[in-house]
Amino acid sequence: METIDHFNLRAFDLNLLVAFDALMEEGSVTRAARRLKIGQPAMSHALSTLRMLLDDELFVRVGQAMQPTARAVAVAGPVRTALMQAQAALGARESFRPETERRIFRLGMSSELELLLLPALTARLAVAAPGIRLHARMAPSTQVETMIDTGVIDLAVGCSLEPASRHRGLDLFPAGVSCCFNPQRLALDAPVGLDDYLAGRHAVISQSESLHGCVHEALERIRTDLDVVMAAPDFLTVLSAAVEAPVIATISTRVARRFAPPLGLTVSPVPLDLVFPPVRMVWPVRLDRDPAAAWLRDRIIETLGLDVVHDRAA
């Protein structure tokens, strides 16, 4: 067990961490002071003290806002985690009542998961927990760790998410893709054959620099390539391309089955053995035992219609 240097911490006014966190959130000395219900001179003095103790400017003025330095960004996550843990310890509630809870949860996910999950989840919360608000954010897999560590999001749901040691994770369902096409634009029948699929022109989901997007690694494993002529981060754009152009759209199977038929598109299995990481839910350790956060995670599992074994969380 690590020990705490109580002597050195005693010499450091821990209220400065509260001031620092408020400045990170507000980006303004005036707004941070108002948030903490102190005068602007007191907030300015706190910032001056923090600059001296940390030997860094921490915040520099850019236009009307205070822009955090690299040093400020580096310590923001640990400071936020420490304050959240202190808040949980000092303000622990005897019980959690969803019908009276008032709270905003920030969720990171891709556009297809937003449409699969958020409308139905919102309907559930309207009945069971009308005071809980949901704020969805785009969360590319390369940025999820930082977004969780800095408190930008409270939870992420997506494919290719790997929980770090400081996070918790739970597999939700296997990820798979299907292909969609407009039978008025392409002379194809379902199921699409391998030769027709490989010979076709393709539209895929991509939230990275790769034109082949989410299928890139899966194609590399089987040493296969596709003629990708369009890639976009939003599945509706990819499906719309299949409506208008003679292309085959390859997207999540769950999304394809739900949204492709109303657009007049035919859905077919992909005639390749493509393997993808499962869709996971990932959250910070600081919220692992938070009763409201745990309750929301259970509602997400129910909304997706899943039978998930909770002891698979790691």
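Considering only beta bridges that DSSP places wholly inside the chain, some 55 percent are antiparallel. For the chain, the 222 nm mean residue ellipticity estimated from helices alone, with every DSSP H stretch of n ≥ 4 adding -39500 (n - 2.57) and the total spread over all residues, rounds to -12000 deg cm²/dmol. Extension gain, PHE96-ASP13: 0.36 nm per intervening residue step, less the Cα-Cα distance, totals 26.7 nm. For the range 25-64 and the range 154-200, what is the separation of their C-alpha centers, rounded to whole Å? Each part's Cα centre sits 46 Å from the other's.
Heavy atoms of the protein chains alone define the surface here; on that basis the chain has 56 Å² accessible area per residue at 1.4 Å probe size.
Projecting the Cα atoms of LEU134, HIS167, VAL157 onto the charge dipole of the chain, computed from C-beta unit charges around the Cα centre, puts LEU134 farthest toward the positive end. Dividing the C-alpha radius of gyration of the chain by 2.2 N^0.38 Å, with N its residue count, gives 1.22. Please list, by residue number, everything in the range 183-204 whose backbone N is under 17 Å from a paramagnetic label point 7 Å out along Cα→Cβ of LEU263. Only 183-186, 201-204 fall inside the zone, counting backbone N under 17 Å. The value of relative contact order for the chain, using C-alpha pairs under 8 Å at least six residues apart, is 20 percent.
With R₀ set to 45 Å, the beta-carbon distance separating VAL229 from GLN87 gives a calculated FRET efficiency near 0.30. The portion of the accessible surface of the chain made up by carbon and sulfur, rounded to a whole percent, is 53 (1.4 Å probe; DNA, RNA and ligands excluded). Approximating the spin labels as points 7 Å out from Cα along Cα→Cβ, the ASP56-to-ARG289 distance works out to 3.0 nm.
For the pair ARG71 and GLU25, label points projected 7 Å from Cα toward Cβ lie 2.4 nm apart.
The values are calculated or read from the model by the stated rules, or taken from the named source; none is laboratory data. Here the structure is a predicted model, which is why all the values come from computation and not from measurement. With ideal geometry, Cβ positions are generated from the backbone for all residues, glycine too; neighbour counts draw on all protein chains shown. Quick note on the areas: whole protein, heavy atoms, side chains included, nothing else; ligands and nucleic acids left out. Shrake-Rupley method; radii C 1.70, N 1.55, O 1.52, S 1.80 Å.
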